[in-house]
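**Student:** What follows is a single structure, and I will ask about it in a moment.
The values are calculated or read from the model by the stated rules, or taken from the named source; none is laboratory data. Computed from a predicted model, the values in this text were never measured in an experiment. A quick note on method: Cβ atoms are made from the backbone with ideal geometry, for glycine too, and the neighbour counts reach across all protein chains shown.
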Amino acid sequence: MANHKSALKRIRQSEERKLRNRYYGKTMRNAVRMFKKLTDKNEALAQMPKLYALIDKLAKKNVIHKNKAGNLKSKITKYANSLR
């Protein structure tokens, strides 16, 4: 166990951040999952900017890696363009 007050605080902070990051990561994955269930191209194109913003925000905060964010956005765009 930690011997210093600062180490105890760091443990508390890291636990809170871990839970927060897990929540935001799960939220993003669910949003992508719901997006891939869409069948209307206009609706998909309307939702893409919101999903892009969510992914970019998580990449900026290092919840996900920037390359993963790029890959997700690429796959989302491909999916939306494949709809009729």
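**Student:** Which count do you get for residues in the stretch 28-42 that are exposed (fewer than 13 other Cβ atoms within 10 Å of the Cβ) and part of a helix (DSSP H, G or I)?
**Tutor:** Residues of the stretch 28-42 that are exposed (fewer than 13 other Cβ atoms within 10 Å of the Cβ), as a first pass: 29-30, 33-34, 36-37, 39-40, 42.
Of the ones still in play, those that are also part of a helix (DSSP H, G or I) are 29-30, 33-34, 42.
Total satisfying the criteria: 5.
**Student:** Looking for whichever is over 23 Å from SER82 (Cα atoms), without any contact (Cβ under 8 Å) to a residue 24 or more places away in the chain and not aliphatic (A, V, I, L, M) here; the options are ARG10, ARG33, ARG29. Which one fits?
**Tutor:** On the way: ARG33 fails: over 23 Å from SER82 (Cα atoms); ARG29 fails: over 23 Å from SER82 (Cα atoms).
That would be ARG10, the only listed residue that is over 23 Å from SER82 (Cα atoms), without any contact (Cβ under 8 Å) to a residue 24 or more places away in the chain and not aliphatic (A, V, I, L, M).
**Student:** Out of the residues in the stretch 63-84 that are surrounded by 14 or more Cβ atoms within 10 Å (Cβ to Cβ) and of a type in the set (Gly, Ala, Ser), which is nearest to LYS18 (Cα to Cα)?
**Tutor:** ALA69
This table checks each residue for (1) touching a helix residue (DSSP H, G or I) at 6+ places or on another chain (Cβ under 7 Å); (2) modelled with pLDDT under 95.
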| position | (1), (2) |
| --- | --- |
| LYS5 | no, yes |
| SER14 | no, no |
| LEU19 | no, no |
| VAL32 | yes, no |
| PHE35 | yes, no |
| ALA44 | yes, no |
| PRO49 | no, no |
| LYS57 | no, no |
| VAL63 | yes, no |
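**Student:** Being more than 12 Å from ARG29 (Cα to Cα) and either exposed (fewer than 13 other Cβ atoms within 10 Å of the Cβ) or among the aliphatic types (A, V, I, L, M) (or both) is the filter here; which residues of the stretch 51-62 pass it? Spell out how you get there, then give the answer.
**Tutor:** Going residue by residue through the stretch 51-62, those that are more than 12 Å from ARG29 (Cα to Cα) are 52-53, 56-57, 59-62.
Answer for the stretch 51-62, where residues must be more than 12 Å from ARG29 (Cα to Cα) and either exposed (fewer than 13 other Cβ atoms within 10 Å of the Cβ) or among the aliphatic types (A, V, I, L, M) (or both): ALA53, ALA59, LYS60, LYS61, ASN62.
**Student:** So ASN3 fits all but one of (1) in contact (Cβ under 8 Å) with a residue 24 or more places away in the chain; (2) not in a helix (DSSP H, G or I); what number is the exception?
**Tutor:** Tallying (1) in contact (Cβ under 8 Å) with a residue 24 or more places away in the chain; (2) not in a helix (DSSP H, G or I), ASN3 fails exactly one: (1).
**Student:** When you go through (1) assigned to a loop (DSSP other than H, G, I, E, B); (2) touching a residue at least 40 places away in the same chain (Cβ under 8 Å) one by one for TYR79, which number turns out not to apply?
**Tutor:** Going through (1) assigned to a loop (DSSP other than H, G, I, E, B); (2) touching a residue at least 40 places away in the same chain (Cβ under 8 Å) one by one, TYR79 breaks only (1).
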